[in-house]
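What follows is a short report on a single structure.
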Amino acid sequence: MQRNSIRKDHQLTVRMLIIGLMLIMAYLALFGLLLISGMNPIFVFVIGIGMVLFQYFMSDKLVLKTTGAKPVTKEEQPKLHEIIERLSKIGGIPKPRTIAVMDTEAPNAFATGRSPKHATVAVTQGLLNKLNDEELEGVIGHELAHIKNRDMMVMTWASLIVVVAGFLMQMLFWMSLFGGFGGHRRQGNGGQTMAMMMVLYIGVIIIYFISQLLISTLSRYRELAADREGAIITGSPTNLASALKKISGQIAQIPEKDLRRVEHANAFFIIPALQGNTIASLMSSHPPTEMRVARLIEMQRQNWHLLR
Amino acid sequence: MRLFRTLFKKSNRLGSDESDILSAILRITNQPAGGETDINLSGAATLLLNTNEHPFFTDINSSLKELDKELFISTIRTPLRGLKSDMYNSCWIIFENSNNQKMVDDINSVSSHIANLGLGNNMTAAIFKGTIRDQSFYWICNYRTSKFYPLAPLENSIRDNELEMKVGSLLASMGIPLEPHENWYSLSDIPI
């Protein structure tokens with residue numbers, strides 16, 4: 001078995017499990033905090049789940065609308081359809097329902113949809129223009145791997161806690177502005193309720209940031225897993241590696257900020273290391289490209305006898 | 001000695017090396033038309049200043065008139081114009097001249113004069129309007145780094161990154177000192 005199949009990345013699986021456990025702990029902490037402070041956790045979570053369900057079922061339509069991606073037929077984009085159809089078959093998932101193209105020059109792609117049966121894959125015109133067929137296969141393989149791994153579902157449900165904590169944070173903030181904490185205050189007990197609410201507020205903020213951190217970490221792990229799964233589907237890790245290099249080496253680096261703004265922020269020109277610093281990389285949803293490329297090349301090296 | 005030079009350069013940024021930098025533009029644009037590169041200037045440029053409180057900027061137009069007289073730079077061209085605008089408190093001094101050489105000379109003499117007023121640090125960039133084949137773009141010379149980069153704004157603060165990449169690699173291949181991509185900052189409301 002070991003010999004003719006590509007080994008699972010156990011380290012990555014273990015890491016995802018650890019993050020998952022930490023997320024569960026964050027959920028429990030939030031639940032406990034709500035109980036202690038006398039709020040009904042069920043009520044709060046029902047609202048949160050409602051918000052997430054909305055996102056869950058509407059996501060594909062919403063995303064198409066906000067990105068301006070236009071569904072394309074087989075006649076309009078025969079090559080794109082052919083690649084997606086072939087790779088879906090290899091990956092053992094149904095061909096995504098909607099295949100769309102965004103009319104932007106910046107090379108990019110995404111997959112969405114709550115299940116493989118309701119999936120959408122979209123690429124930008126820039127991606128089609130810049131990449132050759134192999135590289136395009138690499139990117140599509142990665143997106144199909146997201147669908148296969150049900151990342152949309154995993155990430156939506158994982159981020160429930162951020163939705164709930166964020167909602168609570170806002171609610172507590174407005175409550176503190178209007179009529180003070182606690183609503184109808186029990187007599188003689190006002191100070192205590194106030195202190196309780198303060199504890200709740202601070203606790204919720206801490207949980208919010210920690211879970212945000214956990215979720216972006218989880219997202220980066222899912223990206224690495226999709227890189228790997230995608231490379232198994234296409235049979236060539238270097239396809240994606242080369243596409244990633246091509247995409248990120250160029251456009252992604254050009255900043256949108258105004259020269260004058262940076263100039264006022266001073267120091268920048270002397271120490272040009274403001275980007276790629278640790279805070280940003282902790283919060284970012286994708287691992288750095290160099291890391292992804294290095295892992296793909298390593299995968300190719302280890303499994304050269306199994307890959308084409 | 002080196003320390004001295006660094007300090008000196010900091011207080012009075014526009015040394016002779018910067019004027020050489022701007023001339024790099026001429027080296028490229030003076031090539032025969034229709035050549036392989038076909039990059040050209042379209043007769044307009046602007047010097048971008050940030051206006052800290054200094055008498056020079058309170059009445060920019062009369063200051064420029066003075067400057068004009070004082071420098072009495074070339075004859076066949078419109079007088080220097082300046083305009084102040086926007087949230088960044090920027091001030092643009094506008095140069096128009098169909099003779100590229102003269103325009104670059106003008107910018108250099110105005111720049112060094114402004115530097116002599118002790119305003120070297122207030123100069124942000126020199127911006128030239130240019131074309132490559134039929135498409136127009138801006139060449140930005142960042143005065144802080146003395147390097148160039150292309151800027152091709154489309155509407156709604158969107159940029160034609162692809163054209164910029166193309167021009168950038170062309171400039172680099174011709175030996176123009178080029179900013180690395182991560183410093184290709186945008187500039188809005190360029191008045192030329």
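Taking the conditions (1) under 16 Å from B:Ile192 (Cβ atoms); (2) modelled with pLDDT of 80 or more; (3) open to solvent by 40 Å² or more (accessible area, probe 1.4 Å) in turn, B:Arg77 satisfies each one other than (2). A Cβ distance below 9 Å, combined with a sequence gap of six or more or placement on separate chains, defines the contacts here; from segment A:122-137, residues that are more than 12 Å from every other protein chain (Cβ to nearest Cβ) and without any contact (Cβ under 8 Å) to a residue 24 or more places away in the chain reach residues that are assigned to a helix (DSSP H, G or I) and open to solvent by less than 20 Å² (accessible area, probe 1.4 Å) in the pairs A:Asn132/A:Ala243.
Of all residue pairs spaced 6 or more apart or on separate chains, those with beta-carbon atoms under 8 Å, a first member in segment A:144-164 that is without any contact (Cβ under 8 Å) to a residue 60 or more places away in the chain and a second member that is open to solvent by 40 Å² or more (accessible area, probe 1.4 Å) are A:Val162/A:Tyr208; A:Val162/A:Gln212. Residue pairs whose Cβ atoms lie under 6 Å apart, sitting 6 or more positions apart in sequence or on different chains, and linking a residue in segment B:142-165 that is without any contact (Cβ under 8 Å) to a residue 40 or more places away in the chain and within 7 Å of another protein chain (Cβ to nearest Cβ) to a partner that is buried (at least 17 other Cβ atoms within 10 Å of the Cβ) and of a type in the set (D, E, K, R), are B:Glu162/A:Glu105. On inspection, A:Glu76 fails the criterion of being closer than 25 Å to A:Val154 by Cα and at pLDDT 90 or above. Selection over segment B:166-192 of residues that are within 7 Å of chain A (Cβ to nearest Cβ) and over 17 Å from the mean Cα position of the chain (by Cα) gives a count of 2.
Being within 12 Å of chain A (Cβ to nearest Cβ), over 14 Å from the mean Cα position of the chain (by Cα), buried (at least 18 other Cβ atoms within 10 Å of the Cβ) and not basic (Lys, Arg) is a property that B:Tyr88 has.
Among the candidates B:Ile176, B:Ile190, which residue alone is open to solvent by less than 40 Å² (accessible area, probe 1.4 Å), farther than 14 Å from A:Leu259 by Cβ and assigned to a loop (DSSP other than H, G, I, E, B)? Steps first, please.
Values: B:Ile190 fails: farther than 14 Å from A:Leu259 by Cβ.
Within the list B:Ile176, B:Ile190, the selection yields B:Ile176.
B:Ser63 meets all of the listed conditions (1) more than 18 Å from the chain's Cα centre (by Cα); (2) under 19 Å from B:Trp184 (Cβ atoms) but one, namely (2). If you check B:Ile107, B:Ile176, B:Ile158, B:Ile140 for being at pLDDT below 85, in contact with a Phe, Trp or Tyr (Cβ under 8 Å, 6 or more places away or on another chain) and β-branched (Val, Ile, Thr), only one passes: B:Ile176.
In summary, helices (runs of 4 or more DSSP H) completely within segment A:188-295 and bearing 1 or more residues that are modelled with pLDDT under 75, more than 28 Å from A:Glu134 (Cα to Cα) and open to solvent by 20 Å² or more (accessible area, probe 1.4 Å) occur at A:190-234, A:259-264, A:278-283.
For segment A:124-142, the criterion of being within 16 Å of the chain's Cα centre (by Cα) and either small (Gly, Ala, Ser) or over 24 Å from A:Leu12 (Cβ atoms) (or both) is met by none of the residues.
The values are calculated or read from the model by the stated rules, or taken from the named source; none is laboratory data. All figures in this text were calculated on a predicted structure; none of them were measured in a lab. A quick note on method: Cβ atoms are made from the backbone with ideal geometry, for glycine too, and the neighbour counts reach across all protein chains shown. Ligands, DNA and RNA are excluded from the accessible area calculation, which covers all protein heavy atoms including side chains. Shrake-Rupley method; radii C 1.70, N 1.55, O 1.52, S 1.80 Å.
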